[in-house]
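The values are calculated or read from the model by the stated rules, or taken from the named source; none is laboratory data. Since the structure is predicted, the reported quantities are computational estimates derived from the model, not experimental observations. Note: ideal-geometry Cβ built from the backbone for every residue, glycine included; neighbour counts use all protein chains shown.
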Amino acid sequence: MPEGDSLYKIAAMLRCLVGGEVRALESPLPGLEDAVDRAPGMRVSATEARGKNLLIWLAAAGEDASHAIYTHLRMTGSWHLYRPGAEWKKPSHRMRVRLDVCLGDGTRWHAVCFSAPVVEWLSAFAVRQHPVLSTLGPDMLADSLHVDDIIARLRIDGHRAIGDAIMDQRLVAGIGNVYKSELLFIERIDPFAPVRALDDDTLRRLIETARTWMRRNLGPGRRRTRWDSRGKRTWVYDKSGDPCGHCGEPIRMTRQGDLGRSTYYCPRCQGVGDSGGRASRRRGRIVVRGAGE
Ligand SMILES: [Zn+2]
C-alpha cells in the first residue's frame, strides 16, 4: 500500500495541471457518469494528499472548487501523466479515469489513473461528509504537526498494540506498512506492546521520527529509512529471516491487527516478549541519519 509520502509525491506531480481546463473526463466506472458530463469546462484548482488519499479539485470558472475526483490507490493503483498520443505504460483496460487537461499556454496533459480500487466523484459537501475523508486523523506530512493530538488519539484504546494503532488512519494519517515496521525498529519499540505500556516520550519520538523520514522521502529517489554505506534502504521491512542489521538475530514477520497486516521486527532489538514492551535502554537507540547530514 502506498504510504503517505507517495501520495504527496503524486499530488506534487499532478500539480502541473492546476489552472488548466478539463477538456474531457473519461471513465468506465459506474458512478462517474456525472463527472463525465460535468467536468469538461471546469478548471483544476488544486491537488491534495490527505494521508493516503488523493483529491483533484475542480472549479467552475470564477468559482471556488465545487467537486473533487477522489482516489485511494491501495496496493494496485497509480497515476501517470502523459502527453497526448504518448504510449501508456499500463494496459488501457486498467484505466479507471482519464483527465484531458489544457493549460493556458496550450500545453496538453492526460492524467491517467490505473487500477485504483477507489475512484469517486464528490461534491465539496460530500468530501466533508465522506466516511473515510471526514474521519482521518492528523496528517503526518501536514505543515504543522500536532503531536499531542496524535498521542491522545493513540491512547483512545490503550489495549491496542502500537503496531496496529499507528496504522489506523483515523488516529494518524499517512503511515503504512513499510513505515510501521521500520519506525518501530528504529525506535526499538515492540510492535505488539499495548499503547498503554508506552510513555508519552516514546510515542512522541515515534511520531517525530516518522515525520522526519517521511519528509526526507518527499525528495527524488526511492524511499529509504536507513542510511547505509552498502546501499541498504530498510532495516526490517520485507526481510523475514535475514539477520538484523544491528544484532544479527533473524528478522521475523507476524501478521497483526484485524486486517492481518504484516509486521516485520527484530525480536531481540525490539524486546518482543519483554514485559513492558520496550527494548532495554542499554541497547541504545539507532540514530536516524540521512542524506546531507
Ligand atoms: Zn536486532
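In the stretch 56-85, what residues are touching a residue at least 12 places away in the same chain (Cβ under 8 Å) and over 29 Å from Asn177 (Cα atoms)?
Matches in the stretch 56-85: Leu58, Ala59, Ala60, Ala61, Asp64, Ala65, Ser66, His67, Tyr82, Arg83, Pro84.
Taking Val132, is it surrounded by 19 or more Cβ atoms within 10 Å (Cβ to Cβ) and not basic (Lys, Arg)?
no
Going by the conditions given, is Lys232 out of contact with any helix residue (DSSP H, G or I) (no Cβ under 6 Å at 6 or more places or on another chain), within 15 Å of the ligand (Cβ to nearest atom), modelled with pLDDT of 90 or more and in a loop (DSSP other than H, G, I, E, B)?
No; evaluated as a whole, the condition is false for this residue.
Out of the stretch 24-52, which residues are out of contact with any helix residue (DSSP H, G or I) (no Cβ under 6 Å at 6 or more places or on another chain) and among the polar types (S, T, N, Q)?
Matches in the stretch 24-52: Ser27, Ser45.
So the check is Cβ under 7 Å with 6+ separation or different chains; which pairs have a first residue in the stretch 171-183 that's without any contact (Cβ under 8 Å) to a residue 40 or more places away in the chain and buried (at least 24 other Cβ atoms within 10 Å of the Cβ) and a second one that's hydrophobic (A, V, I, L, M, F, W, C) and assigned to a loop (DSSP other than H, G, I, E, B)?
From residues that are without any contact (Cβ under 8 Å) to a residue 40 or more places away in the chain and buried (at least 24 other Cβ atoms within 10 Å of the Cβ), the pairs are Val172/Met140; Val172/Ile166.
Condition check ((1) part of a loop (DSSP other than H, G, I, E, B); (2) not β-branched (Val, Ile, Thr)) across all residues:
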position: Ser134; (1), (2): no, yes
position: Gly137; (1), (2): yes, yes
position: Leu141; (1), (2): yes, yes
position: Ile151; (1), (2): no, no
position: Arg155; (1), (2): no, yes
position: Gly163; (1), (2): no, yes
position: Met167; (1), (2): yes, yes
position: Ser181; (1), (2): no, yes
position: Leu184; (1), (2): no, yes
